[in-house]
Structure formats: C-alpha cells, structure tokens
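Reviewing the structure listed below.
The values are calculated or read from the model by the stated rules, or taken from the named source; none is laboratory data. All of these numbers come straight from a predicted model, not from anything done at the bench. Counting neighbours? That spans all protein chains shown, and the Cβs are built from the backbone with ideal geometry, glycine included.
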C-alpha cells in the first residue's frame with residue numbers, strides 16, 4: 001500500500017459474520033453490561049503477556065523502557081473511558097484482521113509460530129476478538145489506537161460506531177501498545193465514574209498479573225497467590241488473602257492449596273472459615289468458591305465446583321484449560337467440570353480426614369461449627385458417603401459428656417459377638433441416659449452412640465452400614481443383641497427374677513392391647529428391659545421414631561406418628577401387680593387408667609408427647625382411687 005493511501009482514512013465494511021456477532025453481543029450475549037470492562041482488561045493483559053513472551057525471543061522491539069501495565073482514565077465530565085496497555089500492539093493489517101473479521105485471529109497466528117515446547121505458556125494468550133465487541137453494549141463510538149512492538153511498524157487508529165462499518169487511518173506519535181477510547185452512550189454514563197470502574201476491576205480482574213491503575217490509583221493490589229508454589233507463601237500471606245477474599249476479620253481454621261494436571265490443569269486454594277454464619281440464623285450461605293480462567297473471574301460463587309453441602313468453603317479455582325463459551329460466562333464442557341468437581345470434593349474430604357487424625361482438638365473446633373454440612377453431605381452425596389462417614393463424630397455411652405468419637409473408634413471397641421453399630425436419638429445426653437432404651441445395652445456392656453440433632457437419624461439411615469457393620473437404632477422392635485455375659489448383674493423389679501408366667505403374660509398383653517386400642521399396634525413381652533416397666537419400640541426399619549417426629553413437624557398433614565409396639569417388662573413390680581390385680585378382679589376402671597398411663601409414660605420416654613391435659617386428669621383420677629384405700 002502506498003504511503004498516501006495509508007495517510008487517507010479508509011472506510012471498510014465489517015465482515016458479514018461480524019455484523020451478526022455485533023448484534024448478538026450488544027443485545028443478548030452478556031448478562032451484565034459491566035462485563036465489557038473485564039473483557040477489555042483481559043485483552044490488554046493478553047497483549048501484555050504476548051509481548052513479554054515475544055521480548056524474550058526477539059531482541060529488537062519498540063519502546064524497550066516502557067513498563068508493562070494497564071492504565072484506565074475515567075472522565076465523568078466528557079463521559080469517556082480510555083483503556084490503555086503497553087503490550088504487543090497491532091499493525092494496520094492486524095487491526096483489520098482482528099477487529100474486522102472473526103475468521104482470523106492474531107493470537108491463533110501467534111500459536112502457530114510458537115514451538116511445541118512453549119505451547120503451555122502460549123495458552124495464557126487469548127483472542128482479541130469477540131470480547132472486544134462487548135464494548136458496543138455501552139459505547140456510541142469506539143476508537144482503537146495501536147502501535148505494534150515491531151520497530152519499523154507504524155501506528156494506526158481504528159474507529160467504529162458498532163454498526164455496519166469502521167474506518168482506519170494512520171496515527172503518529174503513539175507508544176507501543178493499544179489505547180481504546182470509548183464514548184459512552186447516555187444510559188451508560190455510570191461507567192465514566194472512577195469508583196465504578198475500580199469496583200468492577202476488583203471483582204473480575206483483581207488478579208491480572210500486571211498493574212492496573214484507574215485515574216492514577218493502582219487497583220489490583222492483591223496477588224493471585226494460588227498460582228505460586230506453596231513453599232514460597234508465608235502463613236500471613238495466606239491469612240491476608242483469605243480475609244480479602246471473604247471479607248473476614250479472623251483467620252481460617254484450615255486451608256488447602258493444591259495443583260493438578262488431571263482431569264484438567266488447575267490451581268485451587270480453599271479455606272475453611274473461622275465460623276459458620278448459617279448457625280446465626282442469617283440465612284443460607286451462598287457458594288463461596290470463585291471460578292477463574294487465567295486469573296480472570298468467570299463465575300463468582302460457582303455452583304458447579306463443589307457440591308452444595310460444601311457451600312461453607314471459601315476459595316478460588318483457576319484453570320487455563322477451561323472450555324469457556326463465547327462470552328466467557330459459562331463453561332461449555334459440563335462433563336469435564338463434573339470430573340473437576342468430583343476430584344476437588346474428594347480431595348477436600350480426604351484433607352479433612354487427614355486433619356482429624358493429625359490434630360483431634362483442632363478438628364473438634366471444625367466439627368462444632370460445621371458438622372451440619374458434613375451430615376448434609378452424608379444424606380445427599382451418595383458417591384462420597386463412605387468417606388464422609390469417616391468425618392462424623394458423636395458422643396456415646398463409652399465417652400464422657402462432651403467427648404466425641406468416630407465410627408471407626410466405635411468399631412475398634414466392639415465386642416467380637418456384636419454384629420451392628422447401635423445408636424439412639426434424644427434431646428440431650430441426660431435424657432437419653434434416663435430413658436429405657438439403654439437398659440438392654442448396659443446389661444450387655446454394649447456401646448450406644450448418642451444422637452442429639454434431628455438430622456442425625458437421617459444420616460444413619462442414609463449410611464445403612466459402616467465398614468461392614470449395620471447401623472441400627474436402639475428403638476427398633478427386633479434387636480439381635482448378643483447374649484448377656486456370664487456373671488453380669490441384672491437388677492429386676494420387686495417382683496423378683498421370675499416375673500410373670502407365660503400364661504399371665506399372654507392374658508395381660510391381650511387385655512392391655514384391648515384397652516389401648518389403636519394407640520399401639522401390639523403389646524408384647526420385652527426382652528430388652530431391666531428396670532423400666534415398659535418401652536415404646538419402632539417396627540419401621542426405614543424411619544426411626546425421631547425421623548417420624550421431624551417429618552411430622554415439617555408436614556402437619558402427615559398425621560400422627562406411625563404405628564408403635566408397646567413392650568412390657570414382665571419382671572417389673574408395676575407390671576406384675578397390674579397383672580395380678582386384673583386377674584383377681586380389681587377395679588377395672590382404675591387398672592385401665594394405669595395401663596393408659598404406662599403407655600403414655602413410654603411414649604414420653606420415646607420423645608412422643610401425648611395429650612397432656614388428658615394425662616394430668618388421669619393421674620389425678622389414679623391418685624384419687626389410691627387415696628380411697
């Protein structure tokens with residue numbers, strides 16, 4: 001092209017595909033107009049990275065003393081925004097190819113020129129293409145002034161209103177790099193405010209590896225430490241980065257910094273916060289892990305990286321290989337992301353397991369604050385349920401008050417003849433130990449796990465078994481317990497060790513069922529009780545009594561608690577006297593009231609409240625009858 005032609009502005013038509021793309025970008029591609037700042041800063045960073053690589057391979061280039069960086073000038077009086085970089089710049093041909101067509105890309109051409117051994121580094125370089133067009137969401141006019149790094153190249157200016165054409169002409173006096181001058185539409189004047197631009201950069205581009213200044217102030221002051229070697233990072237740096245990332249004031253409990261090349265190249269840095277804000281009743285936590293590609297934010301609070309029950313985890317995941325869609329707002333390969341999620345989830349669970357073994361006291365701090373999330377995972381995450389179960393901690397009949405044990409520790413203490421892991425749910429340790437359900441286990445010296453949260457039974461029934469041992473609620477109707485050890489003491493009631501005969505028992509249980517009607521599905525002799533007169537047991541092996549209570553509370557239309565079996569202790573003084581008074585023709589009304597009270601007491605011990613007013617009236621009637629004698 002002759003010099004005179006270069007000097008004359010030329011008006012050129014956009015490639016047909018570019019016209020279509022402009023319409024898509026301006027009207028529907030991006031979910032938020034502020035994204036244009038991220039795209040232009042990302043392009044500037046790509047240009048700077050490209051120059052940094054080229055400068056190590058080529059000795060002669062323009063403006064050698066020019067520092068690498070991005071400068072932004074926001075002019076709220078003229079309603080203009082100028083974004084400049086000191087990167088590789090573009091020649092006239094590159095301006096036409098990169099901004100006038102989408103069939104050619106300078107970055108693609110650059111990839112072809114790099115040796116295969118340098119290909120990994122070249123992945124840092126994006127395409128000065130689609131993202132650039134996002135500027136027309138907010139601009140009435142865009143001018144791109146660019147000076148190539150090549151020593152003999154001349155500077156040019158490209159400008160367009162984002163319609164069907166653009167103009168290009170030579171521009172003198174430019175420094176190496178690219179300068180984008182944006183005249184904002186009236187409804188986009190907010191983007192001429194320096195504070196608005198700073199906020200956008202801090203959200204999306206804070207970790208770009210080059211200085212970004214807005215009206216003279218450096219904005220990106222925090223490093224992307226997840227890309228550095230763990231050996232280079234001090235504890236203070238980790239803690240400060242966590243506080244920046246999470247807007248926290250305290251240090252995290254744990255952190256996990258990892259890198260991987262499979263199933264996808266990635267760097268990840270996770271933190272376990274110092275507290276669980278959900279437990280303060282301020283609402284459900286949003287996911288806390290941000291997804292980056294080449295240090296540029298793609299998805300804040302990504303719901304794809306970790307499962308929902310790990311929403312308490314804060315951190316970042318960054319990959320240069322993410323297959324992003326055209327707008328960089330969605331990851332295209334969902335199968336690959338699922339593989340990444342499975343990998344990271346398992347690494348986090350494994351990390352917590354290691355930490356629990358390494359420092360039980362510190363893990364107790366984590367458990368006290370975040371146990372609800374681990375339990376939620378045991379219920380919802382079938383793939384990782386077995387590993388999550390290793391993280392569970394509970395009190396038991398073999399631990400002191402407030403002391404916790406794992407399921408593995410429970411198994412380590414099991415008797416050889418014991419076939420299952422037993423547990424019981426109650427509002428407190430005191431309530432559990434005062435109830436009748438432990439009697440059969442105490443007499444056999446069998447440990448029982450104490451569950452004191454409504455979700456705990458759902459966890460146990462979801463697990464079904466642990467290390468080959470079934471998990472069974474102590475209130476289930478049929479317990480296959482080992483025989484009592486020889487010499488074990490069994491404290492019976494005043495009726496003596498013999499108790500009722502089988503005939504007396506049959507008559508009594510039949511009559512009690514008649515009195516109680518549909519309140520219980522069956523009355524039968526108990527093989528588990530030692531001291532208590534009676535106990536309510538659950539014939540439903542899928543839902544424990546406590547689970548039924550939770551479901552009933554959540555849905556009032558469910559009706560009452562499911563059918564229950566009343567077991568009686570035929571060696572109890574109360575039961576023996578009841579049977580013999582009935583057989584000898586005692587006061588039928590009084591004895592029936594006693595049966596109802598025995599059943600209500602058993603229901604109360606099971607955590608199932610009955611009609612309190614009716615119960616109080618009955619107690620007074622029984623007292624009145626007793627006082628008559």
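Structure above, values below:
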{"quantity": "Meets criteria (out of contact with any strand residue (DSSP E or B) (no Cβ under 8 Å at 6 or more places or on another chain), at pLDDT 85 or above and in the same structural domain as residue 589 (by TED's automatic domain parsing)) for residue 517", "calculated": "yes"}
{"quantity": "Options 491, 469, 484: the member that is surrounded by fewer than 17 Cβ atoms within 10 Å (Cβ to Cβ), more than 48 Å from the chain's Cα centre (by Cα) and either closer than 24 Å to residue 435 by Cβ or modelled with pLDDT of 95 or more (or both)", "calculated": "491"}
{"quantity": "Matching residues, the stretch 222-257, being surrounded by 16 or more Cβ atoms within 10 Å (Cβ to Cβ), over 21 Å from residue 208 (Cβ atoms) and either at pLDDT below 95 or not assigned by TED's automatic domain parsing to the domain that holds residue 344 (or both)", "calculated": "248"}
{"quantity": "Some residue of the stretch 150-162 being buried (at least 18 other Cβ atoms within 10 Å of the Cβ), at pLDDT 95 or above and more than 21 Å from residue 10 (Cα to Cα)", "calculated": "no"}
{"quantity": "Boolean, residue 416 is surrounded by 15 or more Cβ atoms within 10 Å (Cβ to Cβ), free of Cβ contacts under 8 Å to residues at least 40 places away in the same chain and farther than 28 Å from residue 255 by Cβ", "calculated": "no"}
{"quantity": "Selection within the stretch 195-219 - modelled with pLDDT of 95 or more, surrounded by fewer than 18 Cβ atoms within 10 Å (Cβ to Cβ) and under 29 Å from the mean Cα position of the chain (by Cα)", "calculated": "199"}
{"quantity": "Unmet criterion (only one of (1) assigned to a helix (DSSP H, G or I); (2) under 48 Å from the mean Cα position of the chain (by Cα); (3) at pLDDT below 90) for residue 621", "calculated": "(2)"}
{"quantity": "From 242, 238, residue being touching a strand residue (DSSP E or B) at 6+ places or on another chain (Cβ under 7 Å), outside any loop (DSSP other than H, G, I, E, B), farther than 24 Å from residue 49 by Cβ and without any contact (Cβ under 8 Å) to a residue 60 or more places away in the chain", "calculated": "238"}
{"quantity": "Output for the stretch 163-176, where each listed residue is in contact with a helix residue (DSSP H, G or I) (Cβ under 7 Å, 6 or more places away or on another chain) and surrounded by 15 or more Cβ atoms within 10 Å (Cβ to Cβ)", "calculated": "166, 168, 170"}
{"quantity": "Count of the stretch 496-510 residues which are surrounded by 19 or more Cβ atoms within 10 Å (Cβ to Cβ) and touching a helix residue (DSSP H, G or I) at 6+ places or on another chain (Cβ under 8 Å)", "calculated": "3"}
{"quantity": "Any hit, the stretch 51-70, residues being loosely packed, with under 13 Cβ neighbours inside 10 Å, under 41 Å from the mean Cα position of the chain (by Cα) and under 24 Å from residue 293 (Cβ atoms)", "calculated": "no"}
{"quantity": "Any chance residue 395 is in a strand (DSSP E or B), surrounded by fewer than 21 Cβ atoms within 10 Å (Cβ to Cβ) and in contact with a helix residue (DSSP H, G or I) (Cβ under 8 Å, 6 or more places away or on another chain)", "calculated": "yes"}
{"quantity": "Test: residue in the stretch 270-287 that is assigned to a strand (DSSP E or B) and either at positive phi or surrounded by fewer than 21 Cβ atoms within 10 Å (Cβ to Cβ) (or both)", "calculated": "no"}
{"quantity": "The stretch 411-427, residues that are under 10 Å from residue 470 (Cα atoms) and part of a loop (DSSP other than H, G, I, E, B)", "calculated": "419"}
{"quantity": "Among the candidates 566, 551, 529, 627, residue that is touching a helix residue (DSSP H, G or I) at 6+ places or on another chain (Cβ under 7 Å) and either surrounded by fewer than 18 Cβ atoms within 10 Å (Cβ to Cβ) or in a helix (DSSP H, G or I) (or both)", "calculated": "551"}
{"quantity": "Within the stretch 420-440, considering residues that are surrounded by fewer than 13 Cβ atoms within 10 Å (Cβ to Cβ) and over 16 Å from residue 530 (Cβ atoms), the one modelled with the lowest pLDDT", "calculated": "427"}
{"quantity": "Positions within the stretch 372-392 being free of Cβ contacts under 8 Å to residues at least 60 places away in the same chain and buried (at least 20 other Cβ atoms within 10 Å of the Cβ), in sequence order", "calculated": "388, 391"}
{"quantity": "Every pair of residues 6+ apart whose Cβ atoms lie under 6 Å, when the first sits in the stretch 34-48 and is under 17 Å from residue 138 (Cα atoms) while the second is assigned to a helix (DSSP H, G or I) and modelled with pLDDT of 90 or more", "calculated": "34/200; 36/135; 36/137; 37/200; 38/204"}
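The rows are residues; the columns are (1) more than 23 Å from residue 456 (Cβ to Cβ); (2) modelled with pLDDT under 75; (3) not assigned by TED's automatic domain parsing to the domain that holds residue 512.
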{"residue": "533", "(1), (2), (3)": "yes, no, no"}
{"residue": "539", "(1), (2), (3)": "no, no, no"}
{"residue": "542", "(1), (2), (3)": "no, yes, no"}
{"residue": "566", "(1), (2), (3)": "yes, no, no"}
{"residue": "594", "(1), (2), (3)": "yes, no, no"}
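For (1) in the same structural domain as residue 239 (by TED's automatic domain parsing); (2) in contact (Cβ under 8 Å) with a residue 12 or more places away in the chain; (3) on the phi < 0 side of the Ramachandran plot; (4) not in a loop (DSSP other than H, G, I, E, B), each residue gets a yes or a no:
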{"position": "166", "(1), (2), (3), (4)": "no, yes, yes, yes"}
{"position": "173", "(1), (2), (3), (4)": "no, yes, no, no"}
{"position": "182", "(1), (2), (3), (4)": "no, yes, yes, yes"}
{"position": "187", "(1), (2), (3), (4)": "no, no, yes, yes"}
{"position": "197", "(1), (2), (3), (4)": "no, yes, yes, yes"}
{"position": "209", "(1), (2), (3), (4)": "no, yes, yes, no"}
